[in-house]
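Novice: Dumping the structure here so I can ask a few things about it.
The values are calculated or read from the model by the stated rules, or taken from the named source; none is laboratory data. These numbers come from a predicted model, not from an experiment. Here the Cβ positions follow ideal geometry from the backbone for every residue, glycine too, while neighbour counts run over all protein chains shown. Calculation scope for accessible area: heavy atoms of the full protein, side chains included, ligands and nucleic acids excluded. Shrake-Rupley method; radii C 1.70, N 1.55, O 1.52, S 1.80 Å.
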Amino acid sequence: MPEMALQQSFNLMIRPPSSSSSSTMASQVVVGRRQSLFLASSKFDFRLPYSVRKLKCVFANSATRALVRDAGESVEDHHPIAGDNDSSSPDGISSTNINDYNQVVDGELRLPERDFTGTAYVPIYVMLPLGVINMECELVNPDDLINHLKILKSIKVDGVMVDCWWGIVEAHVPQQYNWNGYKRLFQIVRDLDLKLQVVMSFHECGGNVGDDVHIPLPQWVTEIGCGNPDIFFTDRDGRRNHECLTWGIDKERVLRGRTALEVYFDYMRSFRVEFDEFFEDGAISDIEIGLGPCGELRYPSYPAKHGWKYPGIGAFQCHDKYLMKSLKKAAEVRGHTFWGKGPDNAGSYNSRPHETRFFCDGGDYDGYYGRFFLNWYSQILVDHGDRVLSLANLAFEGTAIAAKLSGIHWWYKTASHAAELTAGFYNPCNRDGYAPIASMLKKHDTTLNFTCVELRTLDQHEDFPEALADPEGLVWQVLNAAWDVSIAVASENALPCYDREGYNKILENAKPLSNPDGRHLSAFTYLRLGPVLMEKHNFVEFERFVKRMHGEPVSD
């Protein structure tokens, strides 16, 4: 029975709970509570996530109730009313009725999960701790790391992901690279017969949820920025963002005689030469190219350091002199020189769409100037990805490369999709903003790595109803945009995930049941190795998840 029909059958029985709200960051959204639905005048209480998997039940004397059989179909079973109890079972439920349930243990009814036995093998990688390499490029706590890696290997994890931080490797002097700590780390990983996903991390670490270390951009870059702050992304109020370099200097020789593109290429080429043996023997399986803040291809539109809080719409980041020069030139070419400026009615970081004239329904975002500006703003993003990935393919010829997109799922159920627009994804309700990005990635045979595959829309509606978020709708759109042009799609979770419901959501996205072409994720990277994952009950659940992603049978 389709999920929607199943949900409708439940809706006949329930009344919705009251809403509540909270606030945090995109990859910060706390998903702790689950949607709870209560059956009036009974003790029957169950959770109903978007994909119905588990019902918590406390049976009481009542009239006829709709129940769910093993096959997932809603049926009518007669429960004896008061005075007609069957003494063979508690609370007047007959033994026959009890046998109708798949499993009832300690008052909990579990519906059968989808069986992934024999499905496609999806490799599993685990992100290493952010501080596994320190600022002196030394491996931290190697003995503990080796023990953890051996445990991961024992449950058939395929490999690990590690960030190669620009701010560590080229920290002090241009073109002087220190790879020492990474050499030792890679040797350990290879000796354990694990694969390596390596991220070229051209961004700052620190300030985001889960960041337990601070790794700034190289010192020599920061020094340049003191004299020329326009090398950084800038908002309308002139606040600079030091997470990464503005794309406006991709071709400007402002970094000690080099352009930003040349700096990125030199770094990637040095890595390729230094670790040649790991490429040749296949220990390095793929390289993810950092293209913006958090390594993601997006503008730094929602920085917590500037006061942003979820679910604010964020702010456009195009007011450095280099991007403004590009915007003015585009306006002149269009024949409207007065369009050569950013919107002045787009609110601030924590505004809601309806509070602004630019993003509200019928707002300027869909007018002549708005369309011009958003086309330019999003094209700058696509062009940056295009240029850097061209160089990455030169540096890593013959090795799979990937690019990461962030899941900007809040305000997805509005017309403007304001948070996506400020991040550079021109994806209002009347336009597919991810198709041009997918086409650009296709050009370079690049895997699209997407986040937030563990998030459930129903959870967001309970915890943050004001955000009008739809992570499931966004995931569906982005995955299909990629698969429509036949590029590989990998993914990772946006938030820490330890529970079965979260893993089930990942599995559903990894291996879509209804995809007519049998599409599935090319790999999944788990966020992240740490003490909490290693706790026994969490690790047992994670091992079960790994088996199912590999298409192996599991049992409880």
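Novice: Just the Cα atoms of region 452-501: what Rg and Dmax do they give in Å?
Specialist: Rg, Dmax (Cα atoms, Å): 12.6, 36.
Novice: Taking a spot 7 Å from the Cα of Lys536 along the direction of its beta carbon, which residues of region 458-498 have an amide N less than 20 Å from it?
Specialist: Zone members listed by number: 498.
Novice: Within 15 Å, Cβ to Cβ, of Asp191, how many net charges do the neighbouring residues add up to if Lys/Arg are +1 and Asp/Glu are -1?
Specialist: Details: positive: Lys150, Lys153, Lys183, Arg184, Arg190, Lys195; negative: Asp143, Asp193, Glu277, Asp281.
With Lys, Arg at +1 and Asp, Glu at -1, the neighbours total +2.
Novice: Taking the Cβ of Cys137 as the center, what net charge do the other residues with Cβ under 13 Å away carry, scoring Lys and Arg +1 and Asp and Glu -1? Write down the numbers at each step before the final one.
Specialist: On the way: positive: Lys183, Arg184; negative: Glu136, Glu138, Asp163, Glu170, Glu274.
Local net charge: -3.
Novice: Using the Cβ atoms and a cut-off under 10 Å, what net charge is assigned to the surroundings of Ser201, where Lys and Arg are +1 and Asp and Glu are -1?
Specialist: So the environment of Ser201 carries a net charge of -3.
Novice: Note down the accessible area of Ser555, probe 1.4 Å, to the nearest 10 Å².
Specialist: It works out to around 100 Å².
Novice: I would also like to ask the following. With the cut-off at 20 Å, tell me which of the pairs Lys153/Lys195; Lys251/Lys325; Lys328/Lys404; Lys195/Lys442; Lys156/Lys195 have Cα atoms farther apart than that.
Specialist: Values: Lys153/Lys195 10 Å; Lys251/Lys325 13 Å; Lys328/Lys404 29 Å; Lys195/Lys442 24 Å; Lys156/Lys195 11 Å.
Flagged as over cut-off: Lys328/Lys404; Lys195/Lys442.
Novice: Hey, any idea what % of region 433-556's accessible area is carbon plus sulfur with a 1.4 Å probe? Walk me through the numbers on the way to the answer.
Specialist: Details: 2430 of 4370 Å².
Percent of accessible area from carbon and sulfur atoms in region 433-556: 56.
Novice: In square nanometres, what is the average projected area of the Cα convex hull of region 260-351?
Specialist: On the way: hull surface 36.9 nm².
Taking the Cα atoms of region 260-351, their convex hull projects to 9.2 nm² on average.
Novice: Given the C-alpha centroids of region 164-238 and region 371-449, what is the distance between them in whole angstrom?
Specialist: 22
Novice: Among all the aspartates and glutamates, which ones have a C-alpha under 14 Å from Lys321's C-alpha, if same-chain residues fewer than 8 places away are not counted?
Specialist: Result set, ordered by chain and number: Asp230, Asp235, Asp237, Asp250, Glu252.
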